[in-house]
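S.K.: Pasting in a structure now, in structure tokens, and then I'll have a few things to ask.
The values are calculated or read from the model by the stated rules, or taken from the named source; none is laboratory data. As the structure is a computational prediction, the values presented were derived from the model and not from experiment. All Cβ positions, glycine included, derive from the backbone under ideal geometry; neighbour counts span all protein chains shown.
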Amino acid sequence: EEEEEEEDDGEEGELFNDGHAEAGLDGKEIPVENWLRPGRGEGVCDVTVGQMVKVKDSVEKPKAGWGAVKRGDEGELKSINGNFCKVAFERQKGLWNGRVDEMEAVNASASEAVRVFGDIAPQDLKQGRLGDCWLIAALASLAEFPDAVRLPFQQTDWSKKGRYTIKLFCLESKTWKTFRIDDRLATQNGGLEFAKVSSEGELWPVLLEKAFAALFGSYKNLEGGWGPTGWAIITGCEEAYKMRKKKDTDDWQRYKMVWKKNGSPRNVWSKWSDGSSGKEPKPTEEILDMLVEWDSSNYLMCASAHLENTDSKSVEGIVQSHEYSLIRVVKDAAGSGTSLLQLRNPWGRSEWHGPWGDNSGEWDEHPEVKEELWTEAANDGLFWMAIEDFARIYDSICVLEREMPPKRDA
């Protein structure tokens, strides 16, 4: 049965069992109280999504009438070392305003049962209040290749006990490590604090984020990073490269990302595919051809913008110093002469407002392109933009030069 495989502690390595740290943090249990687990079936409280309730004796027998638990503020949630809680823990004072016994959560949505995987897609990813856009964008790129998303999971079925085993590559030790996590998730103001359960009730985004937090030591340590780091940790492949646009030019240079002993990356010069030095600049036209080739090879890609000549936090909807998944590249779309790139904001909202954005007139002016590429207009963070606008705003592109499994059906 599905639960039998969970009785084993898994492979040797850093282990987080039932959500508390048995190794790798301070070598001690660190109970945290503002955590809920999405559930279904027996023992699920009949309350709204993310709502917390007190339970005296058993999470399997919730009782009404004790009210919602008071929550800690955002800063406390991020800073507590470990951020993992046990299914059962002692009453605590001091961490939060209130005393708590045990807590149980509810279905991820009113219409869908909670499950680990459904129809895996980039839209499954939505960033929370944690500054880990690099990770969410990396996972959204990976979601174009469903088999690659399933790879880290040792079991793919929903666990009634809420325990999952996930295998990740440690860039510091250059070894694979196994993490045993539970599905308790930080909540605040009636909703999830960090990554979100998908609209179809899929848990894989929040479980992977929690496994990364286990690898990094805490959720707080996930703030600030690089998309290729996420790809390397999931795939074990370190063939990651960065193309950076020179300031006030249309020229790009190439670097290889190399991870140091502490796990953080640094950039070193790398040759272009034609053998020339990465210091020799390439124009956007040549970069476009590379992007098309990488896309057809099922490589993972992302992009970010760092504009110095504006005080605005965003330019025409594009957020500065923020990582976007680069989902698709189409040169000369439908013979129109226009080359388009599809990107996604890991927030799951806030999109490009310019030409070829969801509500722009270009789609009606070019029905042949609309027929080939059009996706439903929605505030889901997914958008198209022309290569000229992309090169004007974005100044950094990252790619993992490893062929992924087949792409999902569009």
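S.K.: Suppose we keep only residues that are among the hydrophobic types (A, V, I, L, M, F, W, C), in contact with a helix residue (DSSP H, G or I) (Cβ under 9 Å, 6 or more places away or on another chain) and assigned to a loop (DSSP other than H, G, I, E, B) within region 147-182. Which one would you say is nearest to SER264 (Cα to Cα)?
M.R.: Within region 147-182, the first condition is being among the hydrophobic types (A, V, I, L, M, F, W, C), and the residues that meet it are 148-149, 151, 153, 158, 166, 168-171, 176, 179, 181.
If we keep only those that are in contact with a helix residue (DSSP H, G or I) (Cβ under 9 Å, 6 or more places away or on another chain) too, we end up with 148-149, 151, 153, 166, 168-171, 179, 181.
So of that shortlist, the ones also assigned to a loop (DSSP other than H, G, I, E, B) come out as 151, 171.
Values: LEU151: 24, LEU171: 8 Å.
So the residue we want is LEU171.
S.K.: For GLU209, work out the one condition from (1) buried (at least 22 other Cβ atoms within 10 Å of the Cβ); (2) acidic (Asp, Glu); (3) over 10 Å from the mean Cα position of the chain (by Cα) it doesn't fulfil.
M.R.: Answer for GLU209: the failing condition is (3).
S.K.: Only one residue in ALA334, ALA303 is among the hydrophobic types (A, V, I, L, M, F, W, C), outside any loop (DSSP other than H, G, I, E, B) and touching a His at 6+ places or on another chain (Cβ under 8 Å), so which one is that? Before you say what the answer is, go through the steps one by one.
M.R.: Working: ALA303 fails: touching a His at 6+ places or on another chain (Cβ under 8 Å).
The match here is ALA334.
S.K.: Considering each of ASN379, ASN298, ASN359 in turn, give the residue that is at positive phi and surrounded by fewer than 18 Cβ atoms within 10 Å (Cβ to Cβ). Write out each step before concluding.
M.R.: Working: ASN379 fails: at positive phi; ASN359 fails: at positive phi.
None of the other options fit; the residue is ASN298.
S.K.: Do the conditions hold for LYS220, that is, is it surrounded by fewer than 21 Cβ atoms within 10 Å (Cβ to Cβ) and over 13 Å from the mean Cα position of the chain (by Cα)?
M.R.: Working: surrounded by fewer than 21 Cβ atoms within 10 Å (Cβ to Cβ): yes; over 13 Å from the mean Cα position of the chain (by Cα): yes.
The answer is yes for LYS220.
S.K.: Name the residues in region 369-381 that are among the charged types (D, E, K, R), over 26 Å from SER199 (Cα atoms) and either assigned to a loop (DSSP other than H, G, I, E, B) or touching a residue at least 24 places away in the same chain (Cβ under 8 Å) (or both), would you? Walk me through it before giving the result.
M.R.: First pass over region 369-381, keeping only residues among the charged types (D, E, K, R): 370-372, 376, 380.
From the residues that got through so far, the ones that are over 26 Å from SER199 (Cα atoms) too are 370-372.
Listed by number, the residues that qualify are GLU371, GLU372.
S.K.: OK, next. Which one of these does HIS366 not meet: (1) in contact (Cβ under 8 Å) with a residue 40 or more places away in the chain; (2) more than 14 Å from CYS302 (Cα to Cα); (3) surrounded by fewer than 22 Cβ atoms within 10 Å (Cβ to Cβ); (4) not charged (D, E, K, R)?
M.R.: Here HIS366 meets the rest and fails (1).
S.K.: Please verify whether region 341-353 includes one or more residues that are basic (Lys, Arg), outside the structural domain of ASP124 (by the TED database), in contact with a Gly (Cβ under 7 Å, 6 or more places away or on another chain) and assigned to a strand (DSSP E or B).
M.R.: First pass over region 341-353, keeping only residues basic (Lys, Arg): 344, 349.
Filter once more, keeping what is outside the structural domain of ASP124 (by the TED database): 344, 349.
Subset that is in contact with a Gly (Cβ under 7 Å, 6 or more places away or on another chain): 344, 349.
From what is left, the residues that are assigned to a strand (DSSP E or B) are 344.
Yes - at least one qualifying residue is present in region 341-353.
S.K.: Let me ask you something else. Taking the stated definitions as given, is THR229 of a type in the set (Ser, Thr, Tyr), surrounded by fewer than 19 Cβ atoms within 10 Å (Cβ to Cβ) and at negative phi?
M.R.: No, not satisfied.
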